[in-house]
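Engineer: Pasting a structure below so you can have a look.
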Amino acid sequence: MIRVLVADDEPLIVAGIGAVLGAADDIEVAAVAADGREAVEQVVLHRVDVAVLDIGMPRMDGLTALTELRRRAPNVRALMLTAFGDAPNVRDALDGGAAGFVLKNCAPDELVRAVRAVHAGEAFLSPAVTRMVLGMLGPERSGRRRGAARRLAALSDRESQVASLVAEGLSNAEIGARLHMSETTIKTYMSRIMTKLGCANRVQVALLVRDAEALP
């Protein structure tokens with residue numbers, strides 16, 4: 001069973017998400033929270049696998065809670081949830097180590113797929129969020145782009161191939177099929193890539209590649 005925490009300051013939202021996730025035969029809502037501080041404590045107390053965190057919460061918002069979870073429960077996967085989906089919050093959440101990002105108006109089956117994906121170590125961005133992420137590469141980010149290119153230069157040719165395919169949104173199995181390698185080999189490459197780049201997950205790898213590819 002995938003043990004999930006749901007954190008949102010609106011009780012109706014918590015109840016709705018809980019009902020959707022609880023209906024899946026492989027997901028258990030192990031804890032709920034009304035703010036970021038409580039979310040962090042509940043994750044640690046209940047040994048949660050995936051934390052579904054609202055961005056805007058009182059006492060401690062979702063982004064701050066994400067930072068705390070990275071420190072206190074680094075193995076927990078965070079799936080960020082928002083009603084707004086504004087670009088700065090998306091980028092901050094992904095840079096902070098979130099494994100996925102969905103909007104509150106997503107379909108129930110998308111939320112279930114998102115929880116399963118991040119628990120399996122994959123990234124999950126809803127289509128609307130993906131469009132926002134790809135639209136963040138404006139001229140003002142030229143310094144960020146150059147930094148991304150410098151970091152990616154540390155990768156071998158094969159590692160660069162794998163990283164580029166991650167940026168295309170391919171799963172480990174799909175990358176393996178494309179490069180005629182086993183999924184296990186691709187997982188090994190991903191581990192090396194994330195270590196070399198200092199990335200917490202494949203989403204951050206994908207964003208680095210996207211930044212570098214946007215160089216004029």
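The values are calculated or read from the model by the stated rules, or taken from the named source; none is laboratory data. Fair warning: this is a prediction, and the values are worked out from it, not measured in the lab. Note that we place each Cβ from the backbone using ideal geometry, even for glycine, and neighbour counts take in every protein chain shown. Remember, those area values only see protein heavy atoms, side chains included, never the ligands or the DNA or RNA. Shrake-Rupley method; radii C 1.70, N 1.55, O 1.52, S 1.80 Å.
Engineer: Would you mind getting me the FRET efficiency between R59 and K187? Use the beta-carbon distance for r and R0 = 45 Å, nearest 0.05.
Structural biologist: Using R0 = 45 Å, I get an efficiency of 0.75.
Engineer: Skip the ligands, DNA and RNA, and give the accessible area per residue of the chain with a 1.4 Å probe, whole Å².
Structural biologist: 47
Engineer: With a 1.4 Å probe and all protein chains left in place, how much of the accessible area of the chain comes from carbon and sulfur atoms, in whole percent?
Structural biologist: C and S atoms contribute 52 percent here.
Engineer: Among A93, A24, A33, which one moves the most in a GNM of the chain with springs linking Cα atoms closer than 10 Å?
Structural biologist: A24
Engineer: Separate question: In nanometres, what is the gap between the two model label sites at A23 and L179, each 7 Å from Cα along Cα-to-Cβ?
Structural biologist: 3.9
Engineer: Once you have the Cα-Cα distance between R146 and T195, take 0.36 nm times their residue separation minus that, and quote the gain in nm to one decimal. Spell out each step's value before the answer.
Structural biologist: Working: separation 49, 0.36 × 49 = 17.64 nm, distance 1.96 nm.
Full-extension gain reported as 15.7 nm.
Engineer: Would you mind classifying region 1-107 by shape? Square roots of the alpha carbon gyration tensor eigenvalues, ordered a ≥ b ≥ c; an a/c under 1.5 is rounded, otherwise it is prolate if a/b is larger than b/c and oblate if not.
Structural biologist: Numbers: a/c = 1.42, a/b = 1.13, b/c = 1.26.
Rounded.
Engineer: Something else: Give me Rg/Rg_expected for the chain, where Rg uses Cα atoms only and Rg_expected = 2.2 N^0.38 Å with N residues. Don't skip to the end; give the middle numbers.
Structural biologist: Working: Rg = 17.1 Å, N = 216, 2.2 N^0.38 = 17.0 Å.
After normalising by residue count via 2.2 N^0.38 Å, the value is 1.01.
Engineer: Here is a further query. What size of dipole, in debye to the nearest 20, comes out for the chain about its Cα centre when the only charges are +1 on Lys and Arg C-beta atoms and -1 on Asp and Glu C-beta atoms?
Structural biologist: Its charge dipole is roughly 1020 debye.
Engineer: Top to bottom by accessible area (1.4 Å), largest first, where do M181, M1, M190 land?
Structural biologist: M1, M181, M190
Engineer: Quickly work out the Q161-to-R71 label distance, labels modelled 7 Å from Cα along the C-beta direction, and quote it in nm with one decimal.
Structural biologist: Those two pseudo-labels are separated by 4.2 nm.
Engineer: Right, next: Using Cα springs under 10 Å in a Gaussian network model of the chain, which residue among G169, G36, G100 shows the largest mean-square fluctuation?
Structural biologist: G169
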